[in-house]
Amino acid sequence: MSNPVVRTRVAPSPTGDPHVGTAYVALFNYCFAKKHGGQFILRIEDTDTARSNPQSEAAIMNSLRWLGLTWDEGPEIGGPHGPYRQSERGAIYREHADRLLRDGNAFRCFCTSERLDEMRIQQRAAGRNAGYDGLCLRLPETEVQARLVAGEPYVVRLKVPDHGTCVVKDLLRGDIEIGWDLVDMQILLKQDGMPTYHLANVVDDHLMEITHILRGEEWINSAPKHQLLYQYFGWQMPALCHLPLLRNPDKSKLSKRKNPTSIWFYKRMGYLPEALLNYLGRMAWSMPDDSEKFSLAKMVEHFSLERISLGGPVFDLQKLQWLNGRWIREDLDEKALADRVREWALNENYLMKLVPLVQKRLAVLSDLGPLTAPFFSGLLEITADQLLQGKLDADTVAIALEVTLARMEVAEWTKSGIEAMFRDIATKMEIKLRDLLPPFYVAINGQPASAPLFDSMEILGRDLCRARLRHAITQLGEPKSDDNKRRLNELLGRQEKSGEEE
Ligand code: GLU
């Protein structure tokens, strides 16, 4: 029998900004598929209806295209295994959940959230592993039927062996052993009839004929559940390869609190897509001749899983910048560079956003340079003294910057949404809006008298604003007094309840 065509996929969930981690995983899947003359598929995993949104989906697709990681099948272009959006495949998952129920490999669970909370508290108190205790697994069939007839809501859970060890094969890590006692009776179908990630992911990888799954190592613990599902369905499991996670320089998981993670940040800063791809390729992988600079085509040509190393790859902005400089100097002639600059920000569309902000302040056209410099810059040269020119003391400014940094994740990124955010922060901090804003003019635009703040922030985008606020915080340091540290924690604590976690 001839080997099947290699088919890989990237399966992002459309929540939030397009993440460099998605591009990294997409790149490795793309290279592996192309190296073997196979296909690379994009699948949108949007079963979490509360968090998924179409803007994020569009941003993922646009950013992958910007990077040149085009898919052979997926949303917008279709293909023989569509639809490629999980939210459009509900009936397929329900059918498969029914099949598991029929075969006795899954069960209905009627437990209420109150009972599950109580169960967790008891498990914690007894120092036992958290996980469903199997109450509904033991329900007699007649009772299940009666409760169904009575219309009680239920979820469908996976049956899991109650002893022994699961061995999962990973192409990079060899055999990974995980005790079945650590594997939860996972919910497969939620009360609303929507599947969870685990069911949808396995069903789709099978139906879409995926042969190799290259994904982040955070999914290793899910692999036993997936393997079990493949066994229950009687399907062959694709080969698994868990890639090492990208890390901040302090080795923690790459997070936007410490490092910009949105692909749009890099675009906005003027990194070239080929340089960003090149850098992502060097995370965990190296060319046979160890060359640092290589194109996507070269990476495909030389790609092999054997050259992936498992040490935690550190995403280092300075190295990326150095590499980007090389691409600019060595690979673009003057005309090509001018074209890139035009595409980046010297275009009609961008100028038309800036002109209304500065027209009133122009005496001569050459005033445009200094007035709009922050819109063509990355991080700005600012000092603590400049941040403290207003009425607020250093600790209050430090608190305001930190609170804004947290709060901006959930703000609507429009002029009015940004204004509402600042008004709310001023109220919570019990200071006047006009006293709150001066340090933000400095942090965002480099000087106290500059283009209007809320418009500027909208135009600059959340990613660059986040980076500039973080830069300002670095200049100023944390609040000094214990009282103010407490105050900050209190304000942040209140924020985190509604804030987005990464
Ligand atoms: N939707 C998952 C994610 O967001 C996909 C994980 C996988 O590749 O299996 O990363």
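The values are calculated or read from the model by the stated rules, or taken from the named source; none is laboratory data. Treat the numbers as computed from the prediction; the structure is a model and nothing was measured. Glycine also receives a Cβ, built like all others from the backbone with ideal geometry; neighbour counts cover every protein chain displayed.
For this structure, a couple of remarks:
- Of LEU245, LEU188, all but one fail to be within 16 Å of the ligand (Cβ to nearest atom) and surrounded by fewer than 21 Cβ atoms within 10 Å (Cβ to Cβ); the exception is LEU245.
- Answer from ASP395, ASP424 - the residue that is touching a residue at least 24 places away in the same chain (Cβ under 8 Å), of a type in the set (Asp, Glu) and more than 28 Å from TYR271 (Cβ to Cβ): ASP395
- Matching option when the condition is closer than 30 Å to ILE459 by Cβ and more than 24 Å from the chain's Cα centre (by Cα), among LEU276, LEU332, LEU320: LEU332
- Selection count where residues are touching a residue at least 12 places away in the same chain (Cβ under 8 Å) and under 20 Å from HIS198 (Cα atoms), scope segment 75-93: 9
Yes/no per residue for (1) farther than 30 Å from LEU42 by Cβ; (2) without any contact (Cβ under 8 Å) to a residue 60 or more places away in the chain:
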| residue | (1), (2) |
| --- | --- |
| ASP98 | no, yes |
| GLU118 | yes, yes |
| GLN123 | yes, yes |
| ALA150 | yes, yes |
| GLY179 | yes, yes |
| GLY193 | no, no |
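- Note on segment 203-237: among residues that are small (Gly, Ala, Ser) and buried (at least 16 other Cβ atoms within 10 Å of the Cβ), the one that is farthest from the ligand (Cβ to nearest atom) is ALA223.
- With respect to (1) outside any loop (DSSP other than H, G, I, E, B); (2) buried (at least 19 other Cβ atoms within 10 Å of the Cβ); (3) within 14 Å of the ligand (Cβ to nearest atom), the lone exception for LYS267 is condition (3).
- Segment 298-343, residues that are in contact with a Cys (Cβ under 9 Å, 6 or more places away or on another chain) and outside any helix (DSSP H, G or I): PHE303, ILE308
- Of the set (1) at pLDDT 95 or above; (2) away from the ligand (no atom under 13 Å from the Cβ); (3) in contact with a Lys or Arg (Cβ under 8 Å, 6 or more places away or on another chain); (4) under 27 Å from GLY16 (Cα atoms), all apply to LEU254 but (1).
- Any hit, segment 131-149, residues being out of contact with any Asp or Glu (no Cβ under 8 Å at 6 or more places or on another chain), more than 22 Å from LYS190 (Cβ to Cβ) and outside any helix (DSSP H, G or I): yes
- Extreme residue, surrounded by the fewest Cβ atoms within 10 Å (Cβ to Cβ), among residues of segment 9-32 that are more than 16 Å from GLU218 (Cα to Cα) and free of Cβ contacts under 8 Å to residues at least 60 places away in the same chain: THR15
- A search for C-beta distances below 6 Å between a residue of segment 283-301 that is of a type in the set (Gly, Ala, Ser) and any residue that is in a loop (DSSP other than H, G, I, E, B) and surrounded by 14 or more Cβ atoms within 10 Å (Cβ to Cβ), counting only pairs 6+ apart in sequence or on different chains, returns ALA284/PRO244; ALA284/PRO313.
- Hey, THR404 surrounded by fewer than 17 Cβ atoms within 10 Å (Cβ to Cβ), at pLDDT 90 or above and out of contact with any Pro (no Cβ under 8 Å at 6 or more places or on another chain) or not: no
- The set of residues from segment 258-290 being within 22 Å of ARG466 (Cβ to Cβ), touching a His at 6+ places or on another chain (Cβ under 9 Å) and modelled with pLDDT of 95 or more comprises just one member, ILE263.
- Conditions (1) modelled with pLDDT of 95 or more; (2) surrounded by fewer than 16 Cβ atoms within 10 Å (Cβ to Cβ); number of the one not met by THR49: (1)
- Strands (runs of 3 or more DSSP E) wholly inside segment 1-119 containing at least 2 residues that are within 16 Å of the ligand (Cβ to nearest atom): 7-10, 39-42
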